[in-house]
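In what follows, a single structure is set out as structure tokens and then discussed.
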Amino acid sequence: MAAPRGAQFAVAPVIGPPENVSNELRTQLIADLERQNLRVAKSPDERAEYTLRGYVVSSLEKKGNKSKVSYIWDVTDANGKGVHRVSGEESAPSGKSKDPWAAMTPTLVQSIAAKTVTSVASWMPGGGAAVASNGSMVQTAAATPSYASQKPMVTGSVASSGPISALVPVVTGAPGDGSTALRAAIQRELSRSGVPLSDARTANTYLVEGKVAMGTGKDGKQPITIDWSVTDPHGKRLGTVSQKNEVPQGSLDGSWGKTADAAAAAAAQGIVKLLPQPTQKTSSN
């Protein structure tokens, strides 16, 4: 067996899914990294040159008893700077369950982890992919088209009747500074995804509203649900992106910090998919 190569990785807890799904994803990622002969830190005390951070969101599709699972994995360096990104989306049967995470079978977990680690391994120096000379983040999409970090690809920002925009009027129910932090974070992520933002309702403005619900704490943990509802300009509900997780009890009573950024990064993937997609035009060339 060849000696492990390259810099050492740490794999952070996956943000967005229920704890059991988060643990399964993290375990599978570690196993796949080791299969790719990459070094993985075994404890938080070990030094790691890079950290793999995942944000995952699952939402029920309107038809077909399916869930749409969107994911983002960021590789950050020792200073916390993003240097590589993997994103993708999977659609899987959810049966009759109203739980969007019911679709996260071991097979789907393995598929997401395999695509993610393949991209990371290719990005690694000597793995066949170039690193941006200016140190900026480079995105490689595992299941969706990639885009350059300087000019994100517009997804779902043009409707058949003309350009659309999104208005995020409010996020409710969050303790601490969560309502303000989440609203600002989702606006940044939508803008980054190529969705123009609006300060007022217009004929082409879609509403994105967030609602946070904190459950009763138990054994030092507290469940949290964040629902992002998307409504068209006529008031019709297009769908809801739901995030469920457990956090240390009381940890969000003050500043949300990077928790808001992580939640928004995961949710934006699903929100964009609920917006009208660009009209396909046939090229005359």
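What to note about this one:
- Just one residue in the set Arg201, Arg192 is touching a Leu at 6+ places or on another chain (Cβ under 9 Å), open to solvent by 60 Å² or more (accessible area, probe 1.4 Å) and touching a residue at least 12 places away in the same chain (Cβ under 8 Å); that residue is Arg201.
- The residue list Thr51, Thr116 contains one member that is under 24 Å from Ala260 (Cα atoms), open to solvent by 10 Å² or more (accessible area, probe 1.4 Å) and within 18 Å of the chain's Cα centre (by Cα), which is Thr51.
- Unique residue being in contact with a Gly (Cβ under 8 Å, 6 or more places away or on another chain) and surrounded by 13 or more Cβ atoms within 10 Å (Cβ to Cβ) when the list is Lys81, Lys68: Lys68
- Selection status of Asp261, acidic (Asp, Glu), outside any strand (DSSP E or B) and open to solvent by 50 Å² or more (accessible area, probe 1.4 Å): yes
- Neighbours by Cβ (under 8 Å, 6+ apart or cross-chain): first from region 89-110, in contact (Cβ under 8 Å) with a residue 24 or more places away in the chain; second of a type in the set (A, V, I, L, M) and open to solvent by 20 Å² or more (accessible area, probe 1.4 Å): Glu89/Ala143; Glu90/Ala143; Ser94/Leu60; Ser94/Ala102; Gly95/Ala102; Lys98/Leu60; Pro100/Leu60
- Among the residues of region 54-65, the one identified as open to solvent by 20 Å² or more (accessible area, probe 1.4 Å) and of a type in the set (Ser, Thr, Tyr) is Tyr55.
- When region 168-212 is limited to residues that are among the β-branched types (Val, Ile, Thr) and assigned to a loop (DSSP other than H, G, I, E, B), the one that is nearest to Asp253 (Cα to Cα) turns out to be Val170.
- Of all residue pairs spaced 6 or more apart or on separate chains, those with beta-carbon atoms under 9 Å, a first member in region 165-180 that is without any contact (Cβ under 8 Å) to a residue 40 or more places away in the chain and a second member that is not small (Gly, Ala, Ser) are Ser179/Val170; Ser179/Val171; Ser179/Thr172; Ser179/Val212; Thr180/Val171; Thr180/Trp256.
- Count of region 204-231 residues, restricted to those that are touching a helix residue (DSSP H, G or I) at 6+ places or on another chain (Cβ under 6 Å) and of a type in the set (Gly, Ala, Ser), is 1.
- Test for Val154: is it β-branched (Val, Ile, Thr), over 14 Å from Gln269 (Cβ atoms) and at pLDDT below 90: yes
- If you check Ser242, Ser251, Ser229 for being assigned to a loop (DSSP other than H, G, I, E, B) and out of contact with any His (no Cβ under 9 Å at 6 or more places or on another chain), only one passes: Ser251.
The values are calculated or read from the model by the stated rules, or taken from the named source; none is laboratory data. Please read all numbers here as calculations on a predicted model, not as lab measurements. Here Cβ is always computed from backbone atoms with ideal geometry, including for glycine, and neighbour counts include all displayed protein chains. We work out accessible area using only protein heavy atoms, side chains counted, and drop any ligands, DNA or RNA first. Shrake-Rupley method; radii C 1.70, N 1.55, O 1.52, S 1.80 Å.
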